[in-house]
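The next block holds one structure in the form of structure tokens; read it before the comments.
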Amino acid sequence: MLAERFRKLRGLAWRVMDGIFENMWDYKYVPIEIIARDSGVEEHKAEKVLKTLSNEKLIELKQTEYLGAAFTFLGLSLYSLNRFVRKNIVTMLGEKMGEGKESMVYNCISKWGEAVLKFHKVGYTSFKRVREKRDYGDLHYTVLMIRSAKNEFNALKKLHSKVSVPKPYGWEGNAVLMELIDAKELYKVRLENPKEVLDYIIEEVREMWKLGIVHGDLSQFNILVNPEGIWFIDFPQAIDLNEIETDEELRMAEEILRRDLTNLISYFRKTYRVEVDADRIVEEILKS
């Protein structure tokens, strides 16, 4: 579906979408005259293109004191894909590998070979909840999709040389291009050596902490396993300890680390009857 929608879009549409993307941090709905100016398209032509894109559910048009436009998730995803294509980084989009509340994942052919293209999606309610804690101003919720993708890309970039995570290849808009790992989620695999696997996971979490990253949503659903090894995925909620500015933020990061490990250790206890003292492990990591 995504590839078919992509092929239908032409140069003028991409130019108009450029005008939205370049200004979405300054306007909740980017005024049509700004879009026309920055895309180099006459205003009446830009308006016609915007109405077509709106009919295709790729943008939202809103009339207030001015006519403005913002991306939908689908529109932003297609636009982000096009940024990779324009740079000759992605050459073919493959099949959808999965879709959940937070992302839509495709395989693709990139200049590094077969890869994964992950499109971040965050609902409006999620945006409002996060915005209560951090100041985003009056911006459209799609900006958080971009923040989420950037956050994951930066975490993978920081970790991949020392922790088992997919190698990050690139980030554009709400899309992250990364290495394809041929493995199954931890919860789908029956482990023969659960204690060894848990010990390895704990050591990798310790290494993440040393590198300044807390996963933020670690569970049996975002750890991949195959006969060759174990990998950690899904870092949109990762916390960068180097960006922490207050003692309260540090305490929150420590509590999230505790929650990550407690949940995972609980899974191993219930599934494999492996007993590990989560509090002791957390305290050891915090001191490392």
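Residue-by-condition table, conditions (1) within 18 Å of the chain's Cα centre (by Cα); (2) closer than 25 Å to His120 by Cα:
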| site | (1), (2) |
| --- | --- |
| Arg206 | no, no |
| Gln220 | no, yes |
| Ile233 | yes, yes |
| Ala238 | yes, yes |
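Got a number for residues in the range 226-248 being out of contact with any Phe, Trp or Tyr (no Cβ under 8 Å at 6 or more places or on another chain), surrounded by 13 or more Cβ atoms within 10 Å (Cβ to Cβ) and not in a loop (DSSP other than H, G, I, E, B)?
Within the range 226-248, residues that are out of contact with any Phe, Trp or Tyr (no Cβ under 8 Å at 6 or more places or on another chain), surrounded by 13 or more Cβ atoms within 10 Å (Cβ to Cβ) and not in a loop (DSSP other than H, G, I, E, B) number 4.
Yes or no, residue by residue, for (1) in contact with a helix residue (DSSP H, G or I) (Cβ under 8 Å, 6 or more places away or on another chain); (2) closer than 20 Å to Ser266 by Cβ; (3) exposed (fewer than 14 other Cβ atoms within 10 Å of the Cβ):
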{"residue": "Glu152", "(1), (2), (3)": "no, no, no"}
{"residue": "Tyr169", "(1), (2), (3)": "no, no, no"}
{"residue": "Gly173", "(1), (2), (3)": "yes, no, no"}
{"residue": "Leu177", "(1), (2), (3)": "yes, no, no"}
{"residue": "Leu180", "(1), (2), (3)": "no, no, no"}
{"residue": "Tyr200", "(1), (2), (3)": "no, yes, no"}
{"residue": "Met208", "(1), (2), (3)": "yes, yes, no"}
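Is it the case, given these coordinates, that Val276 is over 26 Å from the mean Cα position of the chain (by Cα), outside the structural domain of Met104 (by TED's automatic domain parsing), aliphatic (A, V, I, L, M) and surrounded by fewer than 18 Cβ atoms within 10 Å (Cβ to Cβ)?
yes
When both residues are 6+ apart or on different chains and their Cβ atoms are under 8 Å apart, which pairs have a first residue that lies in the range 91-104 and is outside any loop (DSSP other than H, G, I, E, B), and a second that is among the polar types (S, T, N, Q)?
The qualifying pairs are Thr91/Ser110; Gly94/Asn107; Glu95/Asn107; Met97/Asn107; Met104/Ser77.
Would you mind finding the one in Glu204, Glu185 that is under 30 Å from Lys111 (Cα atoms), buried (at least 18 other Cβ atoms within 10 Å of the Cβ) and free of Cβ contacts under 8 Å to residues at least 60 places away in the same chain?
When all the criteria are applied, what remains is Glu204.
Looking at Asp38, is it among the acidic types (Asp, Glu) and touching a residue at least 12 places away in the same chain (Cβ under 8 Å)?
yes
For (1) surrounded by fewer than 20 Cβ atoms within 10 Å (Cβ to Cβ); (2) hydroxyl-bearing (Ser, Thr, Tyr); (3) in contact with an Asp or Glu (Cβ under 7 Å, 6 or more places away or on another chain); (4) assigned by TED's automatic domain parsing to the domain that holds Gly113, each residue gets a yes or a no:
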{"residue": "Tyr27", "(1), (2), (3), (4)": "yes, yes, no, no"}
{"residue": "Glu47", "(1), (2), (3), (4)": "yes, no, no, no"}
{"residue": "Lys51", "(1), (2), (3), (4)": "yes, no, no, no"}
{"residue": "Asn55", "(1), (2), (3), (4)": "yes, no, no, no"}
{"residue": "Glu60", "(1), (2), (3), (4)": "yes, no, no, no"}
{"residue": "Tyr66", "(1), (2), (3), (4)": "yes, yes, no, no"}
{"residue": "Leu76", "(1), (2), (3), (4)": "no, no, no, no"}
{"residue": "Glu102", "(1), (2), (3), (4)": "yes, no, no, yes"}
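How about the range 237-288: which of its residues are touching a residue at least 24 places away in the same chain (Cβ under 8 Å), β-branched (Val, Ile, Thr) and either out of contact with any strand residue (DSSP E or B) (no Cβ under 9 Å at 6 or more places or on another chain) or more than 17 Å from Glu204 (Cα to Cα) (or both)?
Ile265, Thr271, Val274, Val276, Ile281, Val282, Ile285
Within the range 177-196, can you find the residues that are acidic (Asp, Glu) and under 14 Å from Asn222 (Cβ atoms)?
Passing the criteria: only Glu185.
Take the residues of the range 35-66 that are more than 30 Å from the chain's Cα centre (by Cα) and not in a helix (DSSP H, G or I): which is farthest from Leu2 (Cα to Cα)?
Result: Glu65.
The values are calculated or read from the model by the stated rules, or taken from the named source; none is laboratory data. Owing to the predicted nature of the structure, the values given are computational and were not obtained by experimental measurement. All Cβ positions, glycine included, derive from the backbone under ideal geometry; neighbour counts span all protein chains shown.
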